[in-house]
1. Search the structure for amide H atoms under 5 Å from the amide H of Val12, placed 1.01 Å from N in the peptide plane, and list their residues when 5 or more places away or on another chain.
2. Based on the inverse mean of 1/r over its pairs of different Cα atoms, what is the Kirkwood hydrodynamic radius of the chain, in Å?
3. Rounded to the nearest angstrom and ordered from largest down, what semi-axes does the equivalent ellipsoid of region 71-119 get from its C-alpha gyration tensor (root of 5λ)?
4. Taking all protein chains in place and a 1.4 Å probe, what share, in percent, of the accessible surface of the chain do carbon and sulfur account for?
5. Can you give the calculated 222 nm mean residue ellipticity of the chain, where each DSSP H run of n ≥ 4 adds -39,500 (n - 2.57) and the sum is split over every residue, rounded to the nearest 500 deg cm²/dmol?
6. Among Asp23, Asp77, Asp92, which one shows the biggest mean-square fluctuation in a GNM of the chain, springs joining Cα atoms closer than 10 Å?
7. Mean-square fluctuation check for the chain, GNM, Cα pairs under 10 Å: which of Gly68, Gly110, Gly101 is largest?
8. Hey, what do the phi angles of region 91-103 turn into as Karplus ³J(HN,Hα) couplings, whole Hz, using 6.51/-1.76/1.60 and θ = phi - 60°, x for Gly and Pro?
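The values are calculated or read from the model by the stated rules, or taken from the named source; none is laboratory data. Note that this is a predicted model, so its numbers are computed, not measured. Only protein heavy atoms, including side chains, enter the accessible area calculation; ligands, DNA and RNA are left aside. Shrake-Rupley method; radii C 1.70, N 1.55, O 1.52, S 1.80 Å.
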Amino acid sequence: QVRLTESGGKRVQPGDSLRLSCDFSVRTKPRFTIGWHRQAPGQEREFLAAIAFGPFGIVSQYGESKRGRFTISGDDDVNTVHLEMNNLKPEDTAVYYCTSGATIAEVMRGSGPWGQGTQVVVSS
């Protein structure tokens, strides 16, 4: 079972940037994917981005309207994936979670293990 731990969430002002980290205990072979989701109070969970590692290299995919302000990154040698968020807005306030799976489709569904989440508050 993969264990995941998110960090980096904090209170920031509108327009600020923030980098979240997802540390994971092990990566499955031959392919492994980390995805980021968020959930704001009273709202459904929202898929943000995923990054997949495998024989094909490294591939990323973003949720609707997330490419541009959100950037997911990671490499083959470090068990950490980052989510960089720029020009943050109050509507970005949420708990941010990472999840793992073999494929991007799996992490989009959220059927694998999850971390405990990290809170981001965007407010002036």
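1. Val121, Val122, Ser123
2. 14.3
3. Values: eigenvalues 85, 46, 21 Å².
Result for region 71-119: semi-axes of 21, 15, 10 Å.
4. Heavy-atom surface of the chain belonging to carbon and sulfur, 1.4 Å probe: 45 percent.
5. Working: 1 runs with 6 residues, N = 124.
Result for the chain: -1000 deg cm²/dmol, rounded to the nearest 500.
6. Residue with maximal mean-square fluctuation among Asp23, Asp77, Asp92: Asp77.
7. Gly68
8. Per residue, the Karplus-derived 3J(HN,Hα) values read 6, 7, 4, 4, 8, 9, 10, 10, 9, 10, x, 7, 10 Hz.
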